[in-house]
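Here is the structure we will look at.
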Amino acid sequence: MLAGPTAVGKGTVVAEVRRNHPQVWVSVSATTRAPRPGERHGEHYLFVSPDEFDRAIAADELLEWAVVHGTHRYGTPRTPVERVLAAGGKALLEIDLQGVRQVRAAKPDACFVFLAPPSWDELVRRQRGRGTEPAAERERRLATARAEMAAESEFDTTIVNADVRRAAADLVALWG
Ligand code: 5GP
């Protein structure tokens, strides 16, 4: 389970894992937010309508879900994860702190990895550099990041994302 503050580069590290470590199975989340340029349905996310998300919650199809940054909903489809675990495999979930707390309750044996920035200033810099969100949305995400940074002690281990390849390799090494 990989979590960490917004803009720390979780998505980039997970993309690196997908590219160079295909033995690691990565969960594809459902989200109600719109695709960013280059994002593909079924690959980066399952982009669904709010109605479809409601239906999935009601049908208990999500292992966990949360409203992230006070705007859109994100959740982990349960069946694919259960299938991988039942076959003796391991699953990588890239989720937010609220999701981590839910998964911890459901699967106490899971390994929770905190992806940390080299420093807070670097996190703010990465957030600005992203430039895909309007200022108000960026402020919301920084507020979330501040709360998430404070939760590091809830995790089993921390990986510092100074270098994407290194962070991905450190993460995969935990697969052992
Ligand atoms: P983004 O919109 O930048 O792709 O993701 C925003 C945040 O949503 C990230 O912090 C990411 O960890 C979180 N997120 C992505 N998928 C899930 C999910 O399935 N469940 C939860 N709880 N959070 C998720």
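Any residue that is under 14 Å from the mean Cα position of the chain (by Cα), acidic (Asp, Glu) and over 25 Å from Arg126 (Cβ atoms) - is there at least one of those in the range 47-65? Scanning the range 47-65, I find at least one residue that is under 14 Å from the mean Cα position of the chain (by Cα), acidic (Asp, Glu) and over 25 Å from Arg126 (Cβ atoms), so the answer is yes.
Could you grab the pairs with beta carbons closer than 9 Å, sequence gap of 6+ or different chains, first residue in the range 64-75 and free of Cβ contacts under 8 Å to residues at least 60 places away in the same chain, second one within 7 Å of the ligand (Cβ to nearest atom) and among the acidic types (Asp, Glu)? Close Cβ pairs satisfying both conditions: Ala66/Asp96; Tyr74/Asp96; Gly75/Glu64.
Taking the range 1-115 and the helices (runs of 4 or more DSSP H) fully enclosed by it, the elements with 1 or more residues that are within 13 Å of the ligand (Cβ to nearest atom) and more than 21 Å from Asp170 (Cα to Cα) are at 50-58, 78-86, 97-106.
Restricting the range 69-94 to residues that are modelled with pLDDT under 90 and within 23 Å of Glu137 (Cα to Cα) leaves a set whose member that is nearest to the chain's Cα centre (by Cα) is His69. Does Asp163 satisfy the criteria of being surrounded by fewer than 16 Cβ atoms within 10 Å (Cβ to Cβ), within 17 Å of the chain's Cα centre (by Cα), closer than 21 Å to Leu93 by Cα and modelled with pLDDT of 90 or more? The answer is no for Asp163. If I filter the range 88-105 for residues that are touching a residue at least 60 places away in the same chain (Cβ under 8 Å) and out of contact with any strand residue (DSSP E or B) (no Cβ under 9 Å at 6 or more places or on another chain), do I get at least one hit? No.
Yes/no matrix, rows are residues, columns are (1) of a type in the set (A, V, I, L, M); (2) crowded, with 20+ Cβ neighbours inside 10 Å:
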{"position": "Pro5", "(1), (2)": "no, yes"}
{"position": "Val8", "(1), (2)": "yes, yes"}
{"position": "Arg19", "(1), (2)": "no, no"}
{"position": "Gln23", "(1), (2)": "no, no"}
{"position": "Gly38", "(1), (2)": "no, no"}
{"position": "His41", "(1), (2)": "no, no"}
{"position": "Glu52", "(1), (2)": "no, no"}
{"position": "Ile57", "(1), (2)": "yes, no"}
{"position": "Trp65", "(1), (2)": "no, yes"}
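The values are calculated or read from the model by the stated rules, or taken from the named source; none is laboratory data. Every value quoted in this text rests on a predicted model; they were computed, and no experiment measured them. Glycine also receives a Cβ, built like all others from the backbone with ideal geometry; neighbour counts cover every protein chain displayed.
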